[in-house]
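Below is one structure, written out as structure tokens; the observations come after it.
The values are calculated or read from the model by the stated rules, or taken from the named source; none is laboratory data. Just so it is clear, the model here is predicted, and its values are computed rather than measured. When we count neighbours, we look across all protein chains shown, and the Cβ atoms used for this are built from the backbone with ideal geometry, even at glycine. Ligands, DNA and RNA are excluded from the accessible area calculation, which covers all protein heavy atoms including side chains. Shrake-Rupley method; radii C 1.70, N 1.55, O 1.52, S 1.80 Å.
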Amino acid sequence: MKIKNLSLKNFRNYSDAEFEFSGGVNILTGENAQGKTNAAEAVFFLCTGYSPRAKADKLVVNFAAESGEITGVADSLYGEISVKIVFSKNDNKRMFVNGMEVLRVGELLGNIHSVFFNPAELKLVQESPEDRRRFMNISLSQMSKAYFRALQSYNKILAQRNNLLKDRDVGLIRETLPVWDMQIAKHAAVIMKARNAFLAELAPIAEEKHAILSGGKETLTMKTESGYYGDEEEIAYAFAEDLKIGFERDLRLGFTGIGPHRDDIKFMLNGEDARVFGSQGQQRTVALSLKLAETETFKSRFGEYPVLILDDVLSELDKSRQQKLVAAVKDVQTIFTATSVPRAIFKGAPYRHITIKSGAIKSLKDY
């Protein structure tokens, strides 16, 4: 998977810009607040239908305009794919794949695959389980429409189940809850089975990538905290039984205490919890290793790498880890953003250098 070009109109600080990407390494440089990260964000938006930075779609529209759009064309093993998203300050976004409008994000997902990393991805290691579940959900939703649909259905039923648990009529709860539990268990099983397979594939690759980036000085291990294994029928049955057992607890708490919405991943460095004992540099390497492993997982499942977006990652790594990272992405179309090109790091490695200033492309040169 390689994105060939990107068109931005009234997106963030861009009024009108056209990017032409190489199939290998691309480095977007410029001073702070010139638009490097905005361009990287736009690529990820095309792939997933949402921004990793904006809480509302209308926030990506240029302040001087009422609407904006991003368009991209990518090559895949199955041919050329074009995606267009139109934004409005007063209406919902509209999405188009190969010229045909799609009405749901689920129909956009999976057309152009991407993996995104920026300094905020440290939340994967540092912060709450919600951030680690978000990582799994974004990746798996790109890989599987069935997963995305199951996740949407699960979240909807979970909200309804939690609302019911807050009702004062215990008789009504006892009578109604089994109906919700049959449905939620079915969707939970799809989610948990997919996460189990994903993490079983991802973990050894992440451990290998971390060993490379750290020069063999650190050992990463990943521990998952799901507790449900087997095929979908087995998981659904076990989960439904646990919901029955936990009824009094859930009634007392007023919410559902078990399920995919409680899953977590624990990262261990040399046997110690990376969240507690890892330095910020070590935690960054863990998160980056996870993203590199994610690209390999896409490759094993679809026969081609996703577009890898690495926003402001080089400045946060020492020279040794920079060199190892560049070597690790040599076969992947990668979009770096940086204030300048560390030429010594890219010596001997071909790359396209795109300079950005005030939301405009000032120069493009291949090395």
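A few points about this structure:
- Rolling a 1.4 angstrom probe over segment 182-243 with all protein chains present gives an accessible area of which 54% lies on carbon and sulfur atoms.
- For the chain, alpha-carbon Rg and Dmax in angstrom: 22.0, 72
- Stokes-Einstein diffusion coefficient of segment 10-106, Kirkwood radius over Cα pairs, 4 °C, 1.567 mPa s, in µm²/s: 91 µm²/s
- Cross-link reach list, lysines versus Lys223, counting only Cα pairs under 21 Å and skipping chain neighbours closer than eight places: Lys123, Lys193, Lys209, Lys266, Lys291
- For the chain, calculated [θ]222 nm from helices alone, where every DSSP H run of n ≥ 4 adds -39500 (n - 2.57): -14000 deg cm²/dmol
- Against the chain, whose longest principal axis is taken from its Cα atoms, helix 280-302 shows a tilt of about 80°.
- Angle in degrees between helix 232-245 and the longest Cα principal axis of the chain, rounded to the nearest 10: 50 degrees
- For segment 274-367, the set of GluC sites (Glu not before Pro) satisfying both a DSSP loop assignment and a count of at most 16 other C-beta atoms within 10 Å is given as Glu304.
- Relative to one another, the C-alpha centroids of segment 1-21 and segment 119-196 are positioned 35 Å apart.
- Of the beta bridges in the chain, as assigned by DSSP with both residues counted there, near 70 percent are antiparallel.
- Once the gyration tensor of the Cα atoms in segment 189-253 is diagonalised, the equivalent ellipsoid follows with semi-axes of 34, 15, 7 Å, ordered largest first.
- Against the main long axis of the alpha-carbon atoms of the chain, helix 319-328 sits at an angle near 80°.
- Descending Cα extents along the principal axes, segment 213-355, whole Å: 63, 36, 29
- The residue list Phe96, Pro178, Leu364 was ranked by how far each Cα lies along the charge dipole of the chain toward its positive end, using unit charges on Cβ atoms, and Leu364 comes out on top.
- Solvent-accessible surface ranking, highest first, for Leu158, Leu103, Leu253 at 1.4 angstrom: Leu103, Leu253, Leu158
- Solvent exposure of segment 18-147 amounts to 42 Å² per residue of accessible area, where only protein heavy atoms count and the probe is 1.4 Å.
- A DSSP coil position with no more than 14 other Cβ atoms inside 10 Å describes the following GluC sites (Glu not before Pro) in segment 75-181: Glu127.
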